[in-house]
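Just below is one structure, and these are the notes that go with it.
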Amino acid sequence: QVQVVESGGGLVQPGGSLRLSCAASGIIFSLYALGWYRQAPGKQRELVATITSGGSGNYADSVKGRFTISRDNSKNTVYLQMNTLKPEDTAVYYCSAQWGSLSHWGQGTQVTVSS
């Protein structure tokens, strides 16, 4: 059974930092491309960052220079380091694992940026 579980969300002040983690089980983790997406209230889900099986990262323009995606295949975990957070980063953040036509999603973790 495949499980994808996000953690690390919470309330942070503008300018602060958070690190999200996503642990996956039941898959050959090293084969999968991994991604972080987010969905704010009333908006569509959007791509935040992705990382290939080879470790190459890609970012939405809105987070470039502030967010960093990384993976640890030994721990079956992908991370999203978020710095200089802004109120517009407030959303539910979702992790995905994709390989070919296979796609697995977590339940999401809430990130709220507010003073």
Lone unmet requirement of (1) over 25 Å from Gln1 (Cα atoms); (2) among the hydroxyl-bearing types (Ser, Thr, Tyr); (3) within 13 Å of the chain's Cα centre (by Cα) for Ser62
(3)
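Of all residues in the stretch 37-63, which are of a type in the set (Ser, Thr, Tyr), in a loop (DSSP other than H, G, I, E, B) and within 17 Å of Val78 (Cβ to Cβ)? So that I can check it myself, show each step before the final result.
So in the stretch 37-63, the residues of a type in the set (Ser, Thr, Tyr) come out as 37, 50, 52-53, 56, 59, 62.
Okay, now just the ones that are also in a loop (DSSP other than H, G, I, E, B), so 52-53, 56, 62.
Answer for the stretch 37-63, where residues must be of a type in the set (Ser, Thr, Tyr), in a loop (DSSP other than H, G, I, E, B) and within 17 Å of Val78 (Cβ to Cβ): Thr52, Ser53, Ser56.
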Looking only at the stretch 63-113, which residues are free of Cβ contacts under 8 Å to residues at least 24 places away in the same chain and polar (S, T, N, Q)?
Thr68, Ser70, Ser74, Ser101, Ser103
For Val92, indicate whether it is at pLDDT 95 or above, of a type in the set (A, V, I, L, M, F, W, C), surrounded by 13 or more Cβ atoms within 10 Å (Cβ to Cβ) and farther than 21 Å from Val4 by Cα.
no
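If you take the residues in the stretch 14-36 that are outside any loop (DSSP other than H, G, I, E, B) and closer than 20 Å to Pro87 by Cβ, which one is farthest from the chain's Cα centre (by Cα)?
Within the stretch 14-36, the first condition is being outside any loop (DSSP other than H, G, I, E, B), and the residues that meet it are 18-25, 29-31, 33-36.
Remaining after also requiring closer than 20 Å to Pro87 by Cβ: 18-20, 36.
Numbers: Leu18: 11, Arg19: 9, Leu20: 7, Trp36: 3 Å.
Going through the qualifying residues, I end up with Leu18.
The values are calculated or read from the model by the stated rules, or taken from the named source; none is laboratory data. Here the structure is a predicted model, which is why all the values come from computation and not from measurement. Neighbour counts are summed over all protein chains in view; Cβ atoms, including those assigned to glycine, are modelled from backbone coordinates with ideal geometry.
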